[in-house]
Amino acid sequence: MPTVPTDTTEMVAELNGGAIPRRIHVAPVGFEVDRVVEPIVRMEGERAVLLAQLESRDKGHHFLEKVVRRLKSKRVKVQVIREDIHDLYALTRTFSAIFRTHSRDSIFLNVSSGSKIEAIGAVLASMLVRGEGIDVTPYYAVPVEYTTPLNVPLSKGCAEIIPLPHLSMQVPSPEIRESLSILKDGARSKSDLAVELAKRNRLDSRRLSSDGKPRDEAARVSLQTAVDVRVVRKLEELKYALVRRKGREAMVGLTPLGLAASEFFHPNEA
């Protein structure tokens, strides 16, 4: 996944020392120009983070060049990040990383300038980070008119900027996110899952001995009870996992929904 350049992170850190938050516009760029540029200029954006297709597949690179030129002529600082625009999970992670980098700034998200899947990934990312206290304001730019030939921008002008409602997503608890990460690689018994979570400090690690196993029978029972109450039941309620018997063991495996959730929710998310 593309990372936001270090210099951007350093600049944000410097500004957090007391300067007024910047107005950051995040916009996918495909075959649009006006719908990207005009909202940023009208809303007095100070920096634009543009997400474009991977360079080897980018058929609209000349539109991106026009957008960059016009923004720079208005003294808007521009950063271009490239991502596979057909990979929803990658897009969601990339947008989330951008929003986190600019968490102290005023972030505006253009959901109208790219593909539908980019818009979905961007909105999902805004919902994810809102649970972390990061505020993203999405908007939709309505064009004055649409054009059809692919050798010119798809629309002209920007007739209206429509604010969209703020959204939020309930991010699962740390132990649920860690469990998704563990179970993504395959089903585990409840006892194995409990021990692995304890090793990762998501359950009481004091119940483990130095060799990584439960200290005694009481510790084993305590960990298994904790994983059942705090993790397995919640995974089943969310329809993220199913429990099946395999001999004397209760095996926990992810459902298709759980596998999808493991792509969106990562253990290190706040």
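FYI, it's all coordinate maths here, none of it is from the lab. None of the values given here were measured: they were computed from a predicted structure. In this analysis, Cβ positions are derived from the backbone assuming ideal geometry, glycine residues included, and neighbour counts consider all displayed protein chains.
Brief remarks follow.
- Reduced Cα scattering model of segment 72-196, Debye log10 I(q)/I(0), q = 0.10, 0.18 Å⁻¹: -0.45, -1.11
- Taking only the alpha carbons of segment 112-270, we obtain Rg and Dmax values of 22.3, 72 Å in that order.
- Set the Cα radius of gyration of the chain against 2.2 N^0.38 Å, with N its number of residues, and you get 1.23.
- Over segment 49-106, volume per residue of the alpha carbon convex hull, in Å³: 80 Å³
- Unsatisfied cross-links (Cα-Cα over 20 Å) in the set LYS116/LYS234; LYS72/LYS116; LYS66/LYS156; LYS213/LYS239; LYS190/LYS239; LYS184/LYS239: LYS116/LYS234; LYS72/LYS116; LYS213/LYS239
- Look at the alpha carbon pairs under 8 Å that are at least 6 residues apart: their mean separation over the length of the chain gives a relative contact order of 16 percent.
- Centre-to-centre separation between the Cα atoms of segment 110-153 and those of segment 165-244: 36 Å.
- Take each peptide in 35-43, 249-257, count the other Cβ atoms within 10 Å of every residue, and average; sorted highest first, the result is 35-43, 249-257.
- For segment 174-264, convex hull of alpha carbons as volume per residue, Å³: 89 Å³
- Sorting 44-52, 78-86, 26-34 by their mean Cβ neighbour count within 10 Å, with the most densely packed peptide first, gives 26-34, 44-52, 78-86.
- When DSSP beta bridges are restricted to pairs lying wholly in the chain, around 45% turn out antiparallel.
- Once Rg and the Kirkwood radius are both taken over the C-alpha atoms of segment 6-163, their ratio Rg/Rh works out to 0.95.
- Estimated 222 nm signal from helices in the chain, with DSSP H stretches of n ≥ 4 weighted -39500 (n - 2.57), rounded to 500: -11500 deg cm²/dmol
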